[in-house]
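The values are calculated or read from the model by the stated rules, or taken from the named source; none is laboratory data. Because the structure is a prediction, the values reported are computed rather than measured. Here the Cβ positions follow ideal geometry from the backbone for every residue, glycine too, while neighbour counts run over all protein chains shown.
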Amino acid sequence: MAFTIAIDGPAAAGKGTIGRALAAHFGFAHLDTGLLYRATGRRMLTGLDPVEAAQSLRAEDLDADDLRTPDVSQAASRVAAIPEVRQALLDFQRAFARRAGGAVLDGRDIGTVICPEAEVKLYVTAADAERARRRHVELTGKGHDVTLEEVAQDLRDRDARDSARATAPLKPAEDAVLLDTSEMTIEEATARAIAIVTAAQG
Ligand code: CDP
Ligand code: CDP
């Protein structure tokens, strides 16, 4: 039976971490939809037209090891504002969301556009400085040479662009449960999310 958990929120809020943990706990499949836009943005940086890049995206494009660099993050957020790019990625995400056995998708528009009928919608946030701190720790831990201020600027730019665009802007669905993880450890945030989903399962 299909059961969809939609997770949205600003950059580096913990959406993917919570999404992976929920998928593991409930035995659901997980899709980090940001990877679709990152892979499209990365292909645009190699010279491809962004709409063609999205239309011809293949599974192996999502495995590229440089999808988290700041230039790819910015490119992702720029291609994500193009309606034809979003349209090209829609069917794949909708089919994933309604697959048998349950699915968790995280992104910006999952609860509002991709899967408005999702059984559970979470809107995950954290304070700006905390999100920048976490992403900086993550990137420097993977060997990327970026300053905290550069990471903070990237998040500010993308959140502003993602919230202001006309098509599928970042915003909580009306029926989303807000989860502010500023003061939570990963374990606390995950436990809270599991409790919300368990309650929704009835
Ligand atoms: O998917 P999203 O960009 O929203 O965030 P993420 O990649 O799941 O989390 C960003 C970073 O914050 C990761 O390195 C997580 O391990 C870390 N994190 C944390 O320190 N505390 C939390 N409560 C959640 C995430
Ligand atoms: O991990 P982080 O939160 O930093 O970013 P991401 O989830 O990998 O998404 C990268 C970019 O893709 C975002 O800044 C958005 O512009 C775009 N995106 C989107 O527009 N819609 C989604 N469902 C997912 C990502």
Might you let me know whether segment 8-15 holds any residue that is within 16 Å of ligand 1 (Cβ to nearest atom), surrounded by fewer than 19 Cβ atoms within 10 Å (Cβ to Cβ), modelled with pLDDT of 95 or more and of a type outside the set (Phe, Trp, Tyr)? no
Pairs needed: first member in segment 117-129, more than 13 Å from ALA176 (Cβ to Cβ) and in a loop (DSSP other than H, G, I, E, B); second member anywhere, within 11 Å of ligand 1 (Cβ to nearest atom) and small (Gly, Ala, Ser); C-beta distance under 8 Å; at least 6 residues apart or different chains. ALA126/ALA12; ALA126/ALA13; ALA126/GLY14; ALA126/SER182; ALA127/SER182
Has segment 163-172 got any residue that is more than 13 Å from ligand 2 (Cβ to nearest atom) and either in contact (Cβ under 8 Å) with a residue 12 or more places away in the chain or in a loop (DSSP other than H, G, I, E, B) (or both)? yes
Residue set ARG78, ARG133, ARG68; condition within 13 Å of ligand 1 (Cβ to nearest atom) and either modelled with pLDDT under 95 or not assigned by TED's automatic domain parsing to the domain that holds ARG158 (or both); output residue ARG68
Answer yes or no: is there a residue in segment 96-103 that is closer than 20 Å to ARG165 by Cβ and buried (at least 20 other Cβ atoms within 10 Å of the Cβ). no
So, restricting to helices (runs of 4 or more DSSP H) that lie completely within segment 33-100, which ones have at least 3 residues that are over 15 Å from the mean Cα position of the chain (by Cα) and of a type outside the set (D, E, K, R)? 50-55, 83-88
Of everything in segment 133-166 that's among the aliphatic types (A, V, I, L, M) and surrounded by fewer than 16 Cβ atoms within 10 Å (Cβ to Cβ), which residue is farthest from THR181 (Cα to Cα)? ALA166
